[in-house]
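Visitor: One structure coming up, written as structure tokens, with questions to follow.
Nothing in this text is a laboratory measurement; each read-out follows from the coordinates by a stated rule. Bear in mind that the values here come from a model prediction, so they are computed numbers and not experimental data. Note that each Cβ is placed from the backbone with ideal geometry, even for glycine, and that neighbours are counted across all protein chains shown.
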Amino acid sequence: MSKSVRLWLGINGAFITRRWEQPENWMRLTRECGYRVHSFCADVLDPFFSGNKEYQMETARATREAAQRYGVFINDIYTGVATHRFHGLSHSDPRVRQRMKEWIIECADIASAMGVDAIGGHWDAFSVEVLSDPARHEEALRRQYAIFRELSEALAQKGIRALYQEQMYIPSESPWTLAEAERFLVEVNRERKGIPVYLTLDVGHCAGMHYGLSGADLDYTEWIRRFGTAAEVIHLQQTTPDASAHWPFTPEYNAKGHIEIPKVLDAIAESLRRRDEHPWAEWLPLPQNIYLICEIIPGSTKREEVILDELKRNADYLRRWIPEEGLEVKV
């Protein structure tokens, strides 16, 4: 039986943070830079830090209206830097776990007002104390899986369609190995009662050599071959093998980086071809769409006109492979 998926090119809103505050500009700049798909960065509108509930709902609705005016599709709300700074969903104290769960549930309200049906990101970091004790590490992993199953059910009640957990590259941020990613998908989806929980893959998140990884765990194409169709979002960035640089695909950065788009596309096709071989495929629906989201994160000192120029050139480069109407991959 043939299988297919459609690929779309998009941009993550991280370039907006601390620079533009008006929803009109968020969506206008997205379109002017060459993107019709926008992954909304929660650092731009955070459920805990951005005003009160009234402001958040007003701003989410204004964002939805601006997206419609400019012909932009907001595919998800994605965590920014904020939630990466905490021991969250696997914390040994239930009060900390509960607070991070509340962040996600409140983010679902923003998503609903914005017309968005998927939430993704990372909300956790295992402590050094936990990682140094195998028994405590195992307990933390099991807590994390259980909480994702709970979130699967709670978010379904909020009208959210899918939840994403991002692959990372240090042991404190799980999953960071191929084996851990497979276990996450199986453990969470096998017994969930709500929405599917997918991975998010990032081509720059294969820098585990700093903590002793080698071989396939360091190969971005292997991650995509194994889990490309266990993800509705794949983050694109130009980078070196030992870092997550979040550079654009422009000539100066392509000369320094190692990410090649044809290899990404070939790996997605291979993932589609071999999907049924994986244990998680039984419980995780095949995505209809995979969003190739450019996660370009500029430094604080980079001027706005330079950022926008790089984003435009990044889009021009990637349109060689992914047209505005999407690219169908069929096997």
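Visitor: Assuming a strict under-27 Å limit between Cα atoms, what lysine pair count do you get for the chain once near-sequence pairs (fewer than 8 apart, same chain) are dropped?
Guide: 13
Visitor: Return the ratio Rg/(2.2 N^0.38 Å) for the stretch 163-267, where Rg is computed over Cα atoms only. Each step should come with its number before you reach the end.
Guide: Working: Rg = 13.9 Å, N = 105, 2.2 N^0.38 = 12.9 Å.
Taking the Cα Rg and dividing by 2.2 N^0.38 Å, one obtains 1.08.
Visitor: Taking Cα pairs under 8 Å and at least six residues apart, what relative contact order does the stretch 4-330 come out at, in percent? Can you show the working numbers first?
Guide: Values: 633 pairs, mean separation 69.7, N = 327.
Relative contact order comes out at 21 percent.
Visitor: Something else now. In whole angstrom, and with the biggest value first, how far do the Cα coordinates of the stretch 27-110 range along each principal axis?
Guide: 45, 26, 16
Visitor: Additional query: Kirkwood Rh over alpha-carbon pairs of the chain, then Stokes-Einstein at 25 °C and 0.890 mPa s: what D in µm² s⁻¹, rounded to an integer? Please report the intermediate quantities before stating the final value.
Guide: Working: Rh = 20.0 Å.
My calculation gives 123 µm²/s for D.
Visitor: Here's something else I'd like to know. With each pseudo-label sitting 7 Å past Cα toward Cβ, what's the S132-Y55 distance in nm, one decimal?
Guide: In this crude spin-label approximation the distance works out to 4.1 nm.
Visitor: Say the dipole of the chain comes from +1 at the beta carbon of Lys and Arg and -1 at that of Asp and Glu; which of G34, P262, F15 then lies farthest toward its positive end?
Guide: Positive-most Cα among the choices belongs to G34.
Visitor: Could I ask something else about it? Mind pulling up the Rg/Rh value for the stretch 201-331? Radius of gyration and Kirkwood radius, both on Cα. Before the final figure, lay out each step's value.
Guide: Details: Rg = 15.5 Å, Rh = 15.7 Å.
Value, to two decimals: 0.99.
Visitor: Further question: Need the full-extension length gain, E304 to E173, defined as separation in residues times 0.36 nm minus the C-alpha distance. One decimal, nm. Before the final figure, lay out the partial values.
Guide: On the way: separation 131, 0.36 × 131 = 47.16 nm, distance 3.12 nm.
Between E304 and E173, full extension yields an extra 44.0 nm.
Visitor: Report the label-to-label distance for M209 and E252 in nanometres (one decimal), using points 7 Å from each Cα along the Cα→Cβ vector.
Guide: According to this spin-label approximation, the distance is 2.5 nm.
Visitor: If each residue's Cβ is checked for other Cβ atoms within 10 Å, how do H258, H137, H235 rank with the fewest at the top? Don't skip to the end; give the middle numbers.
Guide: On the way: H258 14, H137 18, H235 25.
Ascending number of Cβ neighbours within 10 Å: H258, H137, H235.
Visitor: Within the stretch 88-107, list the residues whose amide N lies under 20 Å from a label point set 7 Å along Cα→Cβ of R142.
Guide: Counting only backbone N, you get 88-98.
Visitor: Here's another thing I want to ask about it. Where the centroid of each part is defined by its Cα atoms, how far is the stretch 136-181 from the stretch 232-285 in Å?
Guide: Using only Cα atoms to place each centre, the spacing works out to 21 Å.
Visitor: For the chain, return all DSSP H helices satisfying: extent of Cα atoms along own axis at least 15 Å; mean Kyte-Doolittle hydropathy at least -0.5. Don't skip to the answer; put the middle values down first.
Guide: Working: long enough: 53-70 (26 Å, -1.66); 94-114 (30 Å, -0.25); 134-157 (35 Å, -0.76); 178-190 (18 Å, -0.05); 261-273 (18 Å, 0.51); 304-318 (21 Å, -0.59).
Within the chain the helices that satisfy the rule are 94-114, 178-190, 261-273.
Visitor: May I pose another question? Could you state the orientation-averaged shadow area of the convex hull built on the Cα atoms of the stretch 1-55, in nm² to one decimal?
Guide: On the way: hull surface 23.0 nm².
Hull-based average projected area comes out at 5.8 nm².
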